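Working notes for the structure below.
The values are calculated or read from the model by the stated rules, or taken from the named source; none is laboratory data. This is a predicted model, so every value here is computed, not measured. Every residue, glycine among them, receives a Cβ derived from its backbone with ideal geometry; neighbour counts consider all protein chains shown. For accessibility, only protein heavy atoms count, side chains too; no ligands or nucleic acids. Shrake-Rupley method; radii C 1.70, N 1.55, O 1.52, S 1.80 Å.
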Amino acid sequence: MEKYFIAAITAANHVGNKSVQRLINFFGSAEEVWKAEEGDLEKAGLNRKSLKSFLQFREEHPHAPEKLVNFCNAKKISLCSFVDEDYPPILKEISTPPAVFYYRGILETFAERIAMVGTRYCTNYGMRVAQKIAAELAATGITIVSGAARGIDTFSHIGAMKSGRTVAVLGCGINFRESYEKEKFLQNIVDSGGLVLTEFEPNLQPQAGTFPSRNRIIAGLSKGVIVVEAGKKSGALITTNYAADFGRDAFAVPGDIFSEKSEGCHELIRDGATLIKDAKDVLDFYNLVPKKFSEQTEEKFSDAVAEKVSEKILISPPVTLDETEKKVFNLIPLGENITVDEILMQNDELEPSEISEILLHLEVKKVIQEENGTYCRV
């Protein structure tokens, strides 16, 4: 019950993670904090703005902890606080660890995690690289962490699900319904044995200020951050800034020197980030032996990765396609593989970025699959 009191306290505006920890240290438990008198809260060091906000919230929601228990049970949402044994120790190392987070899926406390981030508006090159590296790393037993945004984040999750585990860190509440497709995608992560988590209260919608906080958790959960494709002003670079602050390692994938979407990666490499082209570069950096293939030679390891990458993502039928998805699906011939460029040549209505997004939807719906940069019907 203690973690639900912690969650209730953090739900009050202006009561941050550090304040919660300070209050619990002073009173001995979150339950005692919740019951504390105004004067005692002042003695504990809570400033006037935070104190006023907390007292108002508690007065308006006197049964918030109990209601949270019922809500989480009904919605099958789990809760983890910094006083729980399964709270990831690596996350406690950062300057402002979340006092509590909500999650669905399997929480692996001591997993080896690598973050993968990049632009929302990725090129076909970025899409292919993100899936390839994520699938290779996941096949070795490393968990891929990303932010569930469109573009590089999504393709990193897709690649990881083909051969292992992935963690999606949200910039909104875990119960917020952004879209049907996003909901199905996140459920697919959970069904594949992965994890979806957020520090925000369950129904909070995305806001500009929530994404830097999300990026801090992505970096905090991971021993290193890979930037696949990012421009100079890409939000993905916020994650690498957090990584530097937390003493995490930075990796970057080189791209087209004429592409603005690779300028951020090239600047990271110039400034000291490790250049990588595949999972082996990351494993060599950490001197890691792949967990799943530790007794195999490098050649056998490569074969095993290739086999894992070819596995399909499972999604429950029935499958429904909207009109735009049907148009793109019908451009893919039965029994043949086709490249994105060949699809674009047949299309005069949709932009390349839209085609990539629709191909992703079709792959998640298990009606097509990607094979070495080409697409075929399943």
Can you pull out the residues in segment 16-31 that are of a type outside the set (A, V, I, L, M), over 13 Å from R58 (Cα atoms) and either in a helix (DSSP H, G or I) or in contact (Cβ under 8 Å) with a residue 24 or more places away in the chain (or both)? G16, N17, K18, S19, Q21, R22, N25, F26, F27, S29
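Let's see how each residue does on (1) under 14 Å from the mean Cα position of the chain (by Cα); (2) modelled with pLDDT of 95 or more:
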position: R128; (1), (2): no, no
position: I133; (1), (2): no, yes
position: H157; (1), (2): yes, yes
position: T166; (1), (2): yes, yes
position: R177; (1), (2): no, no
position: K184; (1), (2): no, no
position: E201; (1), (2): no, no
Segment 16-27: number of residues that are of a type in the set (A, V, I, L, M, F, W, C) and either under 23 Å from F71 (Cβ atoms) or open to solvent by less than 10 Å² (accessible area, probe 1.4 Å) (or both): 3
For segment 329-371, which positions are surrounded by fewer than 16 Cβ atoms within 10 Å (Cβ to Cβ), assigned to a strand (DSSP E or B) and free of Cβ contacts under 8 Å to residues at least 60 places away in the same chain? T339
What single numbered condition from (1) open to solvent by 20 Å² or more (accessible area, probe 1.4 Å); (2) free of Cβ contacts under 8 Å to residues at least 40 places away in the same chain; (3) assigned to a loop (DSSP other than H, G, I, E, B); (4) closer than 30 Å to L186 by Cβ fails to hold for G45? (4)
Of N73, N13, which residue is open to solvent by 30 Å² or more (accessible area, probe 1.4 Å), closer than 17 Å to G173 by Cβ and assigned to a loop (DSSP other than H, G, I, E, B)? N13
What are the pairs, 6+ residues apart or on separate chains, where a residue within segment 80-95 that is of a type in the set (A, V, I, L, M) has its Cβ under 6 Å from a residue that is at pLDDT 95 or above and open to solvent by less than 30 Å² (accessible area, probe 1.4 Å)? L91/P97; L91/G220; L91/L221; I94/G220
Which of the residues spanning segment 11-60 are among the hydrophobic types (A, V, I, L, M, F, W, C) and in contact with a Phe, Trp or Tyr (Cβ under 8 Å, 6 or more places away or on another chain)? A11, A12, V15, A30, V33, W34, A36, L41, A44, L46
Subset of segment 76-96 [assigned to a helix (DSSP H, G or I) and either open to solvent by less than 50 Å² (accessible area, probe 1.4 Å) or closer than 18 Å to V15 by Cα (or both)]: I90, L91
Would you confirm, using the coordinates I've provided, whether I142 is touching a Cys at 6+ places or on another chain (Cβ under 7 Å) and buried (at least 24 other Cβ atoms within 10 Å of the Cβ)? no
Consider L51 carefully, then state whether it is in a loop (DSSP other than H, G, I, E, B) and over 29 Å from D191 (Cβ atoms). no
